[in-house]
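Remarks on the structure that follows.
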Amino acid sequence: MEFIKEKFFYWGLITGSLWTAFGVLVLVFLLSEAPLEESLTFLYEKKQLGGLISLAALINLPVFFLSIRKKNYAFAAGIVAISLATVLLIVFLKVYS
C-alpha cells in the first residue's frame, strides 16, 4: 500500500476520471442531437446512464496498459482505483434509480 503515498497514484486517479468524463461527453455529443443536460437526464430516466459510463470508461484500458508497460505501477494503481469507483457508481445507478 505504499503506492498510495506516491504522487503518481493521484495522477492516475485524476487521469482516469478525466478520460472517463471525456468519453461520456464524446459519446453523448456523437450519439445524441439533444443538448447535454437533456441527453443525460433522458439516459438517467431510461436507466441507461450506467451503460454509457461503462462504455466511456473503456478509454482507461489503453492508459492502464501503457502505464504497466512503462513500469509506472503507482499510476496504474490509480487507474484501477478510479475504475473500481466507476463500477461502484454504475452499481449505484443500476440499483437505486
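Some notes on this structure:
- Matching residues in segment 15-50 - criterion: being among the hydroxyl-bearing types (Ser, Thr, Tyr), at pLDDT below 95 and either over 22 Å from SER97 (Cα atoms) or not in a helix (DSSP H, G or I) (or both): SER32
- Meets criteria (under 18 Å from the mean Cα position of the chain (by Cα), buried (at least 16 other Cβ atoms within 10 Å of the Cβ) and more than 23 Å from GLU2 (Cα to Cα)) for LEU43: yes
- Failed item, numbered, when ILE79 is tested on (1) surrounded by fewer than 16 Cβ atoms within 10 Å (Cβ to Cβ); (2) part of a helix (DSSP H, G or I): (1)
- Residue within segment 85-96 that is surrounded by fewer than 11 Cβ atoms within 10 Å (Cβ to Cβ), more than 15 Å from the chain's Cα centre (by Cα) and either outside any loop (DSSP other than H, G, I, E, B) or modelled with pLDDT of 95 or more (or both) present: yes
- Total residues in segment 55-71, condition surrounded by fewer than 17 Cβ atoms within 10 Å (Cβ to Cβ) and either more than 20 Å from LEU25 (Cα to Cα) or among the polar types (S, T, N, Q) (or both): 6
The values are calculated or read from the model by the stated rules, or taken from the named source; none is laboratory data. All of these numbers come straight from a predicted model, not from anything done at the bench. Quick reminder, even Gly has a Cβ in these numbers, built from the backbone with ideal geometry, and neighbours come from all protein chains shown.
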